[in-house]
Amino acid sequence: MDTENPVIRLCADGMGAEAAGETERAVRLFDQAWQRANDDYEACVAAHYLARHQPTPQTRLHWNSVCLDRADAVGDERVAAFYPSLHANLGRCHRELGDDTSAARHFRLAAEHLATLPPGPYADWLRYAVAEGLRDTGAVVRTTGEHRVAAVLAQLCDCQDLRSLALLLPAYVGHVGTAADHERLALAARQLHAEARLSGPAREQLEDAIDVLSGSPGSRRDHTSPDRRNI
C-alpha cells in the first residue's frame, strides 16, 4: 500500500490506535478515511476497517458488502489479496445472521482465493478460519480418512506430543476440501509414520489413517518407505 496516500495513512493511524486500545479514536480515523476516499480503491480500504468496528452483524455485513463492491470495481492486482479475507468476513456475517447457505458460498469463494496470499502466519490463520467456516456450514464434510487422523490427534494431545502435533495438525485444521489439501494431509501422516515416533494405539491409528487416506488398505510398507528414504 502507498503509505503516502492520505487515506491509507489515516487507516494506518487507525490501526495504531486499535493496537493502543483507543477504539473510539480508531473508528474516527477510519470514518475520516471513508469520507476522504476519492476512488474505489481508497473506499475499499476504508470500508474494510470500518466493517471491523460495527456493533451488529447487519452493519458488519453492510460494510463488508460495500468493501467487496468497491474491490470488484477496482478489479486489478491491488485488491487481489483482499478477497480471501473479504469473503471470510462476509461468511461470518451471514453465519451470525443464520444464513448458512450464503455463508457457505462466501467461505467457498474465500477458499478459492487463498492462493493469492503470500505464505506466512496470516495466510495460515485465515486458511484455518475458512476451513472452519466450510465445515460449520456443511460446505465441506470430513472424510473417513480425516476422522481417522482426528483420532490420532486426540492421542497426541493426550500425551502432549507437541512435535508430532506440529507436523500433523496444520494439514488437518487447514483442510478446505481440495485434492491438494487431501494430499498434504496424507503426506504429513506418512512423514510422521516414517519418523517412527509413535507406539501402541497411536501408531496403529496413524497406520489406519494412512491406509484410508491413500485408498489402499494394507499398503503401509509401500507408501511409507519412500518417506523413510528421504529422512
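Details
- Candidates D2, D13, D72 - the one that is assigned to a loop (DSSP other than H, G, I, E, B), charged (D, E, K, R) and free of Cβ contacts under 8 Å to residues at least 40 places away in the same chain: D2
- Some residue of the range 139-153 being surrounded by 15 or more Cβ atoms within 10 Å (Cβ to Cβ), without any contact (Cβ under 8 Å) to a residue 60 or more places away in the chain and within 25 Å of D72 (Cα to Cα): yes
- Checking L192, L213 one by one, the residue that is over 14 Å from Q155 (Cα atoms) and either over 27 Å from the mean Cα position of the chain (by Cα) or aliphatic (A, V, I, L, M) (or both) is L213 and no other.
- Residue check for T178: polar (S, T, N, Q), surrounded by 14 or more Cβ atoms within 10 Å (Cβ to Cβ) and under 19 Å from the mean Cα position of the chain (by Cα): no
- Among the residues listed as E4, E24, E18, E42, the single one being out of contact with any helix residue (DSSP H, G or I) (no Cβ under 9 Å at 6 or more places or on another chain) and either open to solvent by 20 Å² or more (accessible area, probe 1.4 Å) or of a type in the set (D, E, K, R) (or both): E4
- Check on T101, open to solvent by 80 Å² or more (accessible area, probe 1.4 Å) and over 18 Å from the mean Cα position of the chain (by Cα): yes
- Of all residues in the range 58-72 being buried (at least 21 other Cβ atoms within 10 Å of the Cβ) and within 22 Å of the chain's Cα centre (by Cα), the one that is nearest to G98 (Cα to Cα): L61
- Odd one out for G75 among (1) closer than 23 Å to A111 by Cβ; (2) surrounded by 14 or more Cβ atoms within 10 Å (Cβ to Cβ): (2)
- Elements of type helices (runs of 4 or more DSSP H) contained in the range 113-204, each with 3 or more residues being at pLDDT 95 or above and under 21 Å from F82 (Cα atoms): 121-136
- Checked against the criterion of being closer than 22 Å to R135 by Cβ and free of Cβ contacts under 8 Å to residues at least 12 places away in the same chain, the candidates A171, A166 yield just one match: A166.
- Looking across the range 120-157, the residues that are under 14 Å from L109 (Cα atoms) and touching a Phe, Trp or Tyr at 6+ places or on another chain (Cβ under 7 Å) come down to V130, G133, L134, T137, A139.
The values are calculated or read from the model by the stated rules, or taken from the named source; none is laboratory data. For clarity, every value in this text was computed on a predicted model and none was experimentally measured. Ideal geometry is used to build each Cβ from the backbone, glycine not excepted, and the neighbour counts take in all protein chains shown. Each accessible area value is taken on the protein alone, full model and side chains, heavy atoms only, with ligands, DNA and RNA left out. Shrake-Rupley method; radii C 1.70, N 1.55, O 1.52, S 1.80 Å.
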